[in-house]
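Visitor: Before we start, here is the structure in question, set down as structure tokens.
Every number in this text was worked out from the coordinates using simple rules, so none of it is lab data. Computed from a prediction, not measured in an experiment: that's the story for all the values here. Heads up, the Cβs are rebuilt from the backbone with ideal geometry, glycines too, and the neighbour counts pull from every protein chain shown.
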Amino acid sequence: MTDLTATQKALGAEVAVRSAPYFPRKKKAITGRSIAVLAFLAICALFFCIPLYVVITTSFKTMDQIREGAMFALPNVWTLEAWDHAWNTACSGTRCEGLKVGFWNSVSILIPSLALSIGLSIVTGYALALWNVKWAGPFLFVLFICAFVPFQIIMFPLISMTATLKVYGSIWGVAIIHAVLAMPVLTLIFRNYYKDIPQEIMSAAIMDSGSFWKIFFEIILPMSGNILIVVLILQITSIWNDYLIGVTFGGLGAQPMTVNLANLITISTGTVRYNDNMAAALLTAIPPLVIYFFVGKLFVQGITAGAIKG
Amino acid sequence: MPRVSFEHITKTYGLLKVLDDLNLSIDDGDFLVLLGPSGCGKTTLLNLLAGLLDVTDGRIMIGERDVTDLDPKDRGLAMVFQSYALYPTKTVHGNLRFGLSASKLPREEIEKRIAWAAKLLQIEPLLNRKPGQLSGGQRQRVAIGRALVKNVSVFLFDEPLSNLDAKLRTEMRLEIKKLHDQLKSTIVYVTHDQIEAMTMATKIAVMNGGVIQQFGTPDEIYERPANLFVAGFIGSPAMNLRKAKLSVAAGKVEAVFASGVRLDVSDYPFASPPRDGDEVIAGLRPEHFVLTATGPVAASFTVPVQYAERTGPDASAYFKFEDELLALRVEPGAAAKLTPGQSIAVSYLKGKANLFDARTGQRM
Ligand SMILES: Nc1ncnc2c1ncn2[C@@H]1O[C@H](COP(=O)(O)OP(=O)(O)OP(=O)(O)O)[C@@H](O)[C@H]1O
Ligand SMILES: [Mg+2]
């Protein structure tokens with residue numbers, strides 16, 4: 001490796017010494033096409049960056065400065081007051097316990113529903129892809145249909161079902177609904193991923209062990225790193241950002257952070273406390289960002305390592 | 001006592017009949033090679049034995065046990081796959097250990113067997129590597145090791161060498177042969193490489209279209225092919241197959257070719273008495289031709305050279321005979337002297353011809 005970089009450097013030096021290139025290439029003129037693309041990208045960037053800038057700076061301002069109205073100014077005094085208030089004491093409805101209630105609700109919804117949905121669909125996908133399952137074809141077709149049924153259509157029956165099961169309005173209710181709704185898609189994803197595992201590896205494992213669970217845990221699961229990370233990112237983001245399911249099935253006691261945030265912002269009385277609202281919005285957005293940061297790196301590693309190719 | 005026997009095996013995929021009423025049985029310690037062109041059902045037959053596929057009809061016996069409905073892991077077999085099929089996330093050691101996961105062996109016994117197999121196959125330095133860090137030949141050794149640790153009496157190989165380069169293939173061929181001699185196990189080996197078949201097998205089953213064309217020792221298959229398919233399939237360059245008519249007169253039997261060349265087959269062990277005028281196909285091995293005869297010959301004739309080619313230690317010359325090419329094995333020295341167009345006198349050795357019934361294609 002060091003040798004290689006050394007030679008590369010040497011090569012670079014050589015090239016630099018040679019002052020005039022032998023075959024100078026014509027500089028390409030900027031075409032109308034690339035101007036259009038650049039303009040489009042610039043507009044997109046502005047659309048994202050300006051609001052982000054405003055949200056972040058406002059969250060660190062005091063209410064006094066905000067009242068002055070200079071929206072794009074940097075904070076005169078950087079303060080975490082608004083963050084503290086949003087997290088600990090902001091009122092949503094009659095309760096004034098801040099966003100932390102919603103945060104912990106979201107976490108306790110997230111973990112069981114992740115475990116439930118991934119756990120069930122990875123095993124189902126494995127069975128469908130690698131074992132002879134009777135009626136596998138029709139089953140896949142049904143899954144496919146289920147994956148595309150809009151949630152709103154089955155919302156009311158689901159409400160009465162959860163009510164019958166006595167989980168309506170609880171953390172478990174929301175978690176189970178999330179898990180159930182995600183399972184068809186996740187099963188299809190896992191099944192398609194496992195279909196690419198070479199048949200001979202499966203044959204070897206069947207001759208070596210023959211045990212469904214042993215093969216799953218010892219051979220298949222270690223080969224699933226990539227897809228697990230993809231699914232994790234997908235699920236964490238969609239569960240964390242969900243509003244509709246939370247507001248429908250959470251009742252009053254099990255509202256996730258998004259619902260908490262909405263209440264906090266819409267139900268405030270008197271002057272609108274922009275800094276609190278911005279801080280609350282940012283707090284809600286941070287967890288998925290953290291996930292992207294940490295797991296995203298693993299994601300790239302997983303892809304480059306090529307877990308399936310022997 | 002037969003070790004492995006297939007009895008009236010039929011296998012269909014939907015409407016496609018891949019194997020039809022197949023019978024085959026081999027003895028303890030045999031090295032059976034299933035040989036045949038692509039798609040003839042070799043892998044299917046092997047997978048039926050392994051239990052990876054279910055038979056449509058028939059019975060498979062291993063030793064005295066009817067294994068037709070047993071799970072693969074309970075059949076007492078070990079298999080080596082064409083793509084090696086190593087577990088990519090396990091180390092070599094882990095791969096070997098997983099090979100024993102169905103057997104409830106104590107830990108020390110497992111480690112002992114892994115050490116033994118690793119030593120035998122010289123993969124000890126590789127035990128902590130992942131398959132991705134091994135060369136093709138090393139992977140193949142590990143795959144064989146994973147089969148060896150199971151300590152079973154029947155091993156199955158499905159074209160294990162076809163992903164290796166020519167040199168490595170020759171080496172591994174010898175090693176597998178050596179293992180067989182050492183372990184005295186029964187081996188069923190699938191290949192479409194006739195050199196592998198001829199060098200390793202104690203028994204060869206030549207298959208075509210899901211039917212066993214001939215079953216016998218390599219010598220039998222080569223010297224006395226049972227029908228035109230086997231005759232044409234085994235041997236390189238292939239046996240020369242030419243139409244001829246029998247002429248039986250005064251105790252002398254001759255095969256007369258269209259061009260009038262007469263091949264003396266009086267000493268041919270005919271299964272049923274030959275009749276004058278029978279249509280036959282004569283099979284002449286390239287190596288049974290000579291340019292300068294020193295012993296008795298069955299036929300001598302003069303033919304024009306088309307071209308000669310050298311294949312390492314050997315050379316083949318092609319002559320034009322009745323509008324088709326006739327392949328001969330010649331000494332490399334003699335081959336160099338042949339120039340295209342030149343007419344050369346060639347002779348066919350006595351007692352070496354093969355005759356097939358032109359209508360049925362069966363050996364006479
Ligand atoms: N799952 C399947 N469904 C339908 N037909 C199949 C299936 N597997 C194999 N076949 C057919 O069965 C026949 C025999 O296949 P098999 O794999 O046994 O051939 P083979 O002798 O091993 O060939 P090769 O030397 O190419 O490996 C082929 O015609 C193949 O197309
Ligand atoms: Mg095959």
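Visitor: Pick out which of B:G283, B:G351, B:G14 has the largest mean-square fluctuation in a Gaussian network model of chain B, springs linking Cα atoms closer than 10 Å.
Guide: Of B:G283, B:G351, B:G14, the most mobile in the Gaussian network model is B:G14.
Visitor: To continue, here is another question. Report the residue, chosen from B:V33, B:V230, B:V67, that carries the largest GNM mean-square fluctuation when chain B is represented by alpha-carbon nodes joined by springs under 10 Å.
Guide: B:V67
Visitor: May I pose another question? Given H placed on each backbone N at 1.01 Å, which residues far from B:N240 in sequence or on other chains put an amide H within less than 5 Å of it?
Guide: Amide H neighbours of B:N240: B:L284, B:R285.
Visitor: Let me ask something else. Can you tell which of B:P269, B:L326, B:L349 lies farthest toward the positive end of the dipole of the range B:240-357, using +1 and -1 charges on the Cβ of basic and acidic side chains (Lys, Arg; Asp, Glu)?
Guide: With unit charges placed on the Cβ atoms, the residue in question is B:L349.
Visitor: Oh, and also: Just to be sure I follow the definition: excluding the sites themselves, where is the longest run in chain A that has none of the trypsin sites (Lys or Arg not before Pro) in a DSSP loop with at most 14 other Cβ atoms within 10 Å?
Guide: Longest stretch, sites excluded: A:167-308.
Visitor: To the nearest 20 Debye, how big is the dipole of the range B:240-357 about its Cα centre, given +1 on the beta carbon of each Lys and Arg and -1 on that of each Asp and Glu?
Guide: The dipole of the range B:240-357 has a size of about 200 debye.
Visitor: Tell me, how many Å apart are the Cα centres for the range A:98-167 and for the range B:196-220?
Guide: The distance from the Cα centre of the range A:98-167 to that of the range B:196-220 comes to 55 Å.
Visitor: Roughly how crowded by other chains is peptide B:96-103, in terms of the mean Cβ count from those chains within 10 Å of each of its Cβ atoms? Walk me through the numbers on the way to the answer.
Guide: Working: counts 0, 2, 8, 5, 2, 9, 7, 2.
For peptide B:96-103, the averaged partner shielding equals 4.
Visitor: Show me, for the range B:80-92, the HN-Hα J-couplings you get by feeding each phi into the Karplus relation (A = 6.51, B = -1.76, C = 1.60, θ = phi - 60°), rounded to Hz, glycine and proline as x.
Guide: With coefficients 6.51, -1.76 and 1.60, one gets 10, 9, 4, 8, 6, 6, 6, 7, x, 8, 9, 6, 4 Hz.
Visitor: Tell me which residues come under 5 Å, amide H to amide H, from B:V4 once H is placed; ignore anything under 5 positions away on its chain.
Guide: The answer is B:I26, B:G63.
Visitor: Let me ask you something else. Excluding same-chain residues fewer than 8 positions from B:K203, which aspartates and glutamates have a Cα within less than 17 Å of its Cα?
Guide: B:D27, B:D28, B:D30, B:D158, B:E159, B:D181, B:D193, B:D219, B:E220, B:E223
Visitor: Another question, then. Cα centroids of the range B:249-314 and the range B:124-173: how far apart, whole angstrom?
Guide: 45
Visitor: Determine ³J(HN,Hα), in whole Hz, for all residues of the range A:283-291 in sequence, where each value follows from phi through the Karplus function 6.51 cos²θ - 1.76 cosθ + 1.60 and θ = phi - 60°; x replaces Gly and Pro.
Guide: 4, 5, 7, 4, x, x, 4, 4, 4
Visitor: Just counting partner chain Cβ atoms within 10 Å, what average do the residues of peptide A:212-221 show around their Cβ?
Guide: 2
Visitor: Given springs between every Cα pair under 10 Å in a Gaussian network model of chain B, which of B:G94, B:G312, B:G260 has the largest fluctuation?
Guide: B:G312
Visitor: Explain nothing, just the number: dipole magnitude of the protein assembly as shown about its Cα centre with +1 on each Lys and Arg Cβ and -1 on each Asp and Glu Cβ, in debye rounded to the nearest 20. Working shown, then result.
Guide: Working: 63 positive and 55 negative charges, 308 e Å.
That gives the protein assembly as shown a dipole magnitude of about 1480 debye.
Visitor: Let me ask something else about it. Could you list which residues have their amide H under 5 Å from that of B:F157, counting only those 5 or more apart in sequence or on another chain, with H placed in the peptide plane?
Guide: B:V80, B:V188, B:Y189, B:V190
Visitor: Right, another one. Binned at 20 Å from 0, what are the whole-percent values of the Cα-Cα distance distribution for chain A, short to long?
Guide: Answer for chain A: a P(r) of 23, 41, 29, 6, 0 percent.
Visitor: Starting from the exponent 0.38 and prefactor 2.2 Å, build the expected Rg for the range B:120-181 from its residue count and divide its actual Cα Rg by it.
Guide: Expressed relative to 2.2 N^0.38 Å, the Cα Rg reads 1.10.
Visitor: How many angstrom separate the Cα center of the range A:56-93 from the Cα center of the range B:75-95?
Guide: Result: 62 Å between the Cα centres.
Visitor: Give me a comma-separated list of calculated 3J(HN,Hα) values for the range A:23-28, in order, Karplus coefficients 6.51, -1.76, 1.60 applied at θ = phi - 60°, integers in Hz, x for any Gly or Pro.
Guide: Here the 3J(HN,Hα) series is 10, x, 9, 5, 5, 7 Hz.
Visitor: Then there is this: Write down the radius of gyration of chain B and its Dmax, each obtained from C-alpha positions, in Å.
Guide: 24.5, 78
Visitor: Which loop-located chymotrypsin sites (Phe, Trp or Tyr not before Pro) does the range A:93-157 contain, where loop means any DSSP state but H, G, I, E or B and the Cβ has at most 14 other Cβ atoms within 10 Å?
Guide: For chymotrypsin sites (Phe, Trp or Tyr not before Pro) across the range A:93-157 that sit outside H, G, I, E and B with at most 14 neighbouring Cβ atoms in 10 Å, the list reads A:W131, A:W135, A:F148.
Visitor: Now a separate question. Which lysines does B:K337 reach when only Cα atoms under 18 Å apart count, and residues fewer than 8 places away in its own chain are ignored?
Guide: Of all the lysines, those that pass the test against B:K337 - Cα under 18 Å, at least 8 places apart if same chain - are B:K320.
Visitor: On average over all directions, what projected area in square nanometres does the protein assembly as shown have, based on the convex hull of its Cα atoms?
Guide: Numbers: hull surface 203.1 nm².
Answer in nm², one decimal: 50.8.
Visitor: My understanding is that a pair violates if its Cα-Cα distance is over 18 Å; which of B:K150/B:K184; B:K130/B:K167; A:K214/B:K104; B:K73/B:K178; A:K61/A:K100; B:K130/B:K178 do that in this structure?
Guide: Those over the limit are B:K130/B:K167; B:K73/B:K178; A:K61/A:K100; B:K130/B:K178.
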